[in-house]
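The values are calculated or read from the model by the stated rules, or taken from the named source; none is laboratory data. This is a predicted model, so every value here is computed, not measured. Methodologically, a virtual Cβ is constructed for each residue, glycine included, from the backbone with ideal geometry; neighbour enumeration extends over all protein chains shown. Side chains included, ligands, DNA and RNA excluded: accessible areas come from the protein's heavy atoms. Shrake-Rupley method; radii C 1.70, N 1.55, O 1.52, S 1.80 Å.
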Amino acid sequence: MNAAGDGDDDVEVWDTGTAVKERPAEPKLKRPPMYKVIMLNDDYTPMEFVVNVLMMFFQMDQEKAWQVMYAVHTTGSAVVGIFPRDIAETKSEQVNAYAQENQFPLRSTVEMTD
């Protein structure tokens, strides 16, 4: 290999030194904002239907579903799950559609967590 500047223009000059590459900084990831799904009480939807909804859409066991249903019944509403926005909205829409299909006025809403 010829050195640069020796007058031979056909020859490539390779740098044999080792280059040190810096590793790029890891991007800082932050958790997505979370949203709570809130079930609202009404005077017409049977308690058993609410329990089934909680088990079906929020994967609660029967005992937990009865406890949450009772909280909704006695206080007027209760948080039934906390999820990223898309999941919370989808679950709320599924609950509302399922209740409507079964001709019950059961409703849920979505709010950003504190």
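Selection of first residues in the stretch 91-102 that are without any contact (Cβ under 8 Å) to a residue 12 or more places away in the chain and of second residues that are surrounded by 15 or more Cβ atoms within 10 Å (Cβ to Cβ) and among the small types (G, A, S), restricted to Cβ pairs under 9 Å at least 6 apart or on distinct chains, gives the following pairs, ordered by first then second residue: E93/S108.
The set of residues from the stretch 73-86 being more than 18 Å from the chain's Cα centre (by Cα) and open to solvent by 70 Å² or more (accessible area, probe 1.4 Å) comprises H73, T74, T75. Residues in the stretch 98-114 that are open to solvent by 40 Å² or more (accessible area, probe 1.4 Å) and either in contact with a helix residue (DSSP H, G or I) (Cβ under 9 Å, 6 or more places away or on another chain) or closer than 15 Å to L40 by Cα (or both): Y98, Q100, N102, F104, P105, R107, T109, V110, E111, M112. Filtering Y70, Y35, Y44 for residues that are surrounded by 13 or more Cβ atoms within 10 Å (Cβ to Cβ), aromatic (F, W, Y) and either touching a strand residue (DSSP E or B) at 6+ places or on another chain (Cβ under 7 Å) or not in a helix (DSSP H, G or I) (or both) leaves a single hit, Y35.
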